[in-house]
Structure formats: C-alpha cells, structure tokens
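What follows is one structure encoded as structure tokens, with my remarks underneath.
Taken together, the values in this text are just the output of simple stated rules run on the coordinates, not laboratory data. Note that the coordinates shown come from a computational prediction; the quantities given were computed from them, not determined experimentally. Cβ placement follows ideal geometry from the backbone for every residue including glycine, while neighbour counts extend to all protein chains displayed.
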C-alpha cells in the first residue's frame, strides 16, 4: 500500500509567480510532503515576462529569460502539464477540469493566472482567435500586445527587418519599449490619450522632463491621441495587416507593427465562473485565501489583497493587484511557507500587504524612480481643518533634473526623481522604511552634487533589487565570497533576475569592490 502525500496542491498558472511558488515547494515535493500538479497554458517552461521587451529588440536572448525548467520539478516528483488550460473549478468536489476533459483533485488550489493585456476597441481591429484562461487570443496581423515571448518574436522580426513600430500607450511598459526600440533604430512612435506620459507615476513637471528626454532619444511622442481606427492593407497572401493608426482628430501614424500597451487586467474568469468573489482581482485575505473558499488561494497579478471584515459587504472593494513582479514573488514565497507550516503544525504570521511599489524606469540615459502618490502640489489650498501634505520640489529643466518629495507628518509617502540617481536611491530607502525625511530636505539633493564621488548605496540594509527584496549587504557578501559578475551575483542572491533595473547598480558595487582590493 502506497502512502499518499499529506497535501495535494494544484497550481494553475506557470508564469514567473507560479514558477517561484513551485520552486519554493520543491524540497517538500521531493520529500513526499506535497503532491504538486502544475497546469500552464503556454507550452514552454516559465520565463521572465518582465524581460520580454529586451528580448523583442535583441538585447536579451531567449535562454536569458528562463526561470526554472520543468525537468527539475518533474525529477522531484511534481506533475507538470504545459500547453493545457483549466476550464472549470469544481469547489464542491475539490477538483479542476482541464480542456482535454480530465480532472485533477486538490486539497489546496493556487491560482496564479496573472493578467491579460487590455485591448482597446478600434475600428478595423479583429480578434482572429478566441481567448481563454491563460491565453489572450489572436489579433489582426501586425498588431500585438507585448505580453508573451510569441509577441516579442513578432516585434523582433519587425525590428530586425528595419520596420517602424507604433506603440499605443505611454505607461511604464510602453515608455520602456519605446526607448528600447529607439536604441534599436526602429523609428518608434508612442501615441497616448492623455497630456503626459506615465500619468499614474508622474506629475506634470517630471513628465515634461521625461518627454524631453524621450524626444532627445529619437522617440516621436504623440499626446492627446484618442485612437479610433486602424487602417489595414492586404498582403500578397490575402491577409489583412496593420498599416496605420488613425486618431479622432484625423492624425495618421503609419507603421509596420502596432504594439498595444494599454494596461492589464487580472485574469479572473475561472474564479468568477466558480463563484469566487472578485473585485479588480480575485479577492483574498491576509493569508492569501479567497474570501469565498479558504481552500483556494490566489497570488500575483490576479490577486487583490483586502480585509473581508472591512469590505465584505462593499459593492466595490478599493485597491487591486500590485502589477509588479516583486510583490508577486514575495506572495508566492509566503504562501509556500504558509502551507508547509500548516502541514507541520507550525504558526506563521500573516502576509503583509506592501506599500505601493517603487517604480524604476528601465531606460538607458534616463534615471527615473517614482513611488506613492505624487499629485500634491506645494501651494494648493486645503479645506479648513485639513492638514496639507508637506511638498518639497527641486527643478532644473535645463539639465533634465527634478525631484519632488511628499510627506505626512515628516514621513515620506511619495516621491518622484528624474536625473538624480543618488537622491532617488536614498529616497527609495526612506520610502520602503516608512522613515522621516531630514528637516533640511536639501541634504538629499546634495547627494547628486557634480563634484561628489561615484554613487554607492549607504547601509547594508538598503534595498538594491526591489523585485527580489535583496539588500546591499547581501550583495556585498556575495561579492566578498567571490562573485565577480552580475550573473554570478544573481545566481547566488537572485538580485538582478527580476526586471533587470538594478543590474547597473550591482555592476557598480562589483567595480567598487574591485577598486578597494586592488593593489596600490
């Protein structure tokens, strides 16, 4: 008689967050404590979705995106089913039904279905194949949303062929892609609806400085664009293919490829069909259990953490998924540890909801970091009885530098910094620590004085890799132990393996360490 493992776990979604959860469970799977089944809609092993733009323009190769290979999980005893998708959850029977008609039973179900790109309604844009859980479906040839390696391959072919790319949307991902395309010589245009790029992260002043930097880098930025129509041409094979984007004022922007960068929405279809409570994402409590069924969990871009005691009867629950890979990874790590602790009869604290993330723009030649709410202005009147937030601003448009700091009772609640990397690094530390700013705010601005030494983070607990929550001290220890490249530091600490925005800082730390030990 064989002994059935103590806990049957089914993971739906094999993206970066799902892969991290599976990795964290690996020792327990190998030990027979957990029976893990993973269902992923894509046929390939999980890859770093945050780096697909770099792959699209040839700055990264496919193998650099790999996160974990299925073979290592299979050898440990996990069942990996890629190229398949779950079509229904039967919470009464505690099983999921797959597209081939088979069912998989579970004791705990973990939904890591991620997010899908938002596709705007445009005359002439067709959906050429249906979407389902884990798959966004197809669009008119020459139109894609840069979410998968297949999307990236389409962009790469146009870039390598010397084509022109139009990006619709000027959020963080749209701007990063545009800068990469400009560097690759793809003559990119970025069209967006509002007056400023990155409106969720920037105020008007910082956005103006960013817009100037984008134009200087070779990007054609088209604000106030209400896109309405795509014009198609019919190629020699009779296929309708994108030719131009037309806005409501008649402006026509021609290109060989249209990339939609219009935001994302959580994939919640499975949860909705199963009767789980859904808001902007699948609603979970501080133990990542769905409000409706405690045996079902959600993590990553599909999960919305909210307190059911406060919002159970609210028609609309505030907040939403973080949209950043770092919080998703930390949720995956916490949930794996929580399940194992419960299995072993141990206690573990709740999963702490994080502050709104620090957003680092990955773009050569543009140092931009933002966090929290930066909409407050220094001289805006406030209603009687309310206390205005503290706002300190430094602006030097001629040299492309700007910093705004917003505080409540001296504690930093939001900031944006452009062209001032050392100030931004210190503000990031203060923000994540929920710390008070020095009374003299100008002390922070002096960190970027022209005659200062090369930037280096101060304090061993200062965060360097936001995605993996790796502090400076951990990286310094890895360097002291013999790591001499960014890749080696990443293999040892995971730093730099997320969005890649911290790799330059890790490289600086390696170089600084080498200078310190070099003979005089």
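Cα-based radius of gyration for the range 384-520, normalised by 2.2 N^0.38 Å, reads 1.18.
For the range 1-107, the extents of the C-alpha atoms along the principal axes are 53, 30, 17 Å, listed from largest to smallest. If R0 equals 45 Å, the separation of the Cβ atoms of residue 254 and residue 71 corresponds to a calculated FRET efficiency of about 0.45. Here is the size of the range 119-262 from its Cα atoms: Rg then Dmax, 14.8, 48 Å.
Here the relative contact order of the chain, from alpha carbon pairs under 8 Å that lie six or more residues apart, stands at 12 percent. For the chain, the Kirkwood hydrodynamic radius comes to 24.7 Å, computed from all pairs of different C-alpha atoms.
Antiparallel beta bridges, as assigned by DSSP with both residues in the range 119-262, represent about 50 percent of the total such bridges. Within the chain, antiparallel bridges make up roughly 60 percent of the DSSP beta bridges whose residues both belong there.
Each Cα pair under 8 Å and six or more residues apart adds its sequence gap; the mean of these over the residue count of the range 323-398 is a relative contact order of 17 percent.
If the segment from residue 212 to residue 128 were pulled out straight at 0.36 nm per residue, it would be longer than the present Cα-Cα gap by 26.4 nm. Using the Cβ-Cβ distance between residue 387 and residue 239 with R0 set to 56 Å, the FRET efficiency works out to roughly 0.40.
So what is the calculated 222 nm ellipticity per residue for the chain, using -39500 (n - 2.57) for each DSSP H run with n of 4 or more, over all residues, to the nearest 500 deg cm²/dmol? Write out the running numbers ahead of the final one.
Values: 14 runs with 140 residues, N = 520.
After summing the helix terms and dividing by residue count, I get -8000 deg cm²/dmol.
Cα centroids of the range 304-329 and the range 485-510: 31 Å apart.
Here r is the Cβ-Cβ distance between residue 513 and residue 350 and R0 is 22 Å; the resulting FRET efficiency, rounded to 0.05, is 0.05.
What is the distance in Å between the Cα centroid of the range 83-126 and that of the range 17-54? Their Cα centres are 16 Å away from one another.
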